[in-house]
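To start, the structure itself, in structure tokens.
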Amino acid sequence: MATLEKTPCPRCGQDWVTEARVKQLNKIVYVCPECEALWTDIPAISAPNVKIHGEGFIQYTEFMDAHGLGDRWAYLEILSEWCTRR
């Protein structure tokens, strides 16, 4: 499995994309703590139209709602060392 290197958020540029595991789903996701953009795979993070057209990501709340979960950050196990939101 690939591991995410320290990558600035291509959508907002205000924070690092953070690797996390959704505990209830046992699924790895990549999320920006600042703008709450979420990706389900690493290649999508560098998609050419992320910033311009919003392609390749979903909002954290939409992803969690689609899986019957609330939008609480407590559902995430943060895996990236550089994340300040724990």
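The values are calculated or read from the model by the stated rules, or taken from the named source; none is laboratory data. Model, not experiment: these values are computed from the prediction. Quick reminder, even Gly has a Cβ in these numbers, built from the backbone with ideal geometry, and neighbours come from all protein chains shown. Quick note on the areas: whole protein, heavy atoms, side chains included, nothing else; ligands and nucleic acids left out. Shrake-Rupley method; radii C 1.70, N 1.55, O 1.52, S 1.80 Å.
Residue pairs whose Cβ atoms lie under 8 Å apart, separated by 6 or more positions or on different chains, with the first residue in segment 1-25 and farther than 16 Å from SER46 by Cα and the second of a type in the set (Phe, Trp, Tyr), are ALA20/TYR30; VAL22/TYR75; LYS23/TYR75; GLN24/TYR75. Scanning segment 1-19 for residues that are open to solvent by less than 70 Å² (accessible area, probe 1.4 Å) and either of a type in the set (Ser, Thr, Tyr) or at pLDDT 95 or above (or both), which turns out farthest from the chain's Cα centre (by Cα)? Selected residue: THR7.
Of the residues making up segment 20-45, just one is in contact with a helix residue (DSSP H, G or I) (Cβ under 7 Å, 6 or more places away or on another chain), surrounded by 13 or more Cβ atoms within 10 Å (Cβ to Cβ) and not in a strand (DSSP E or B), namely GLU36.
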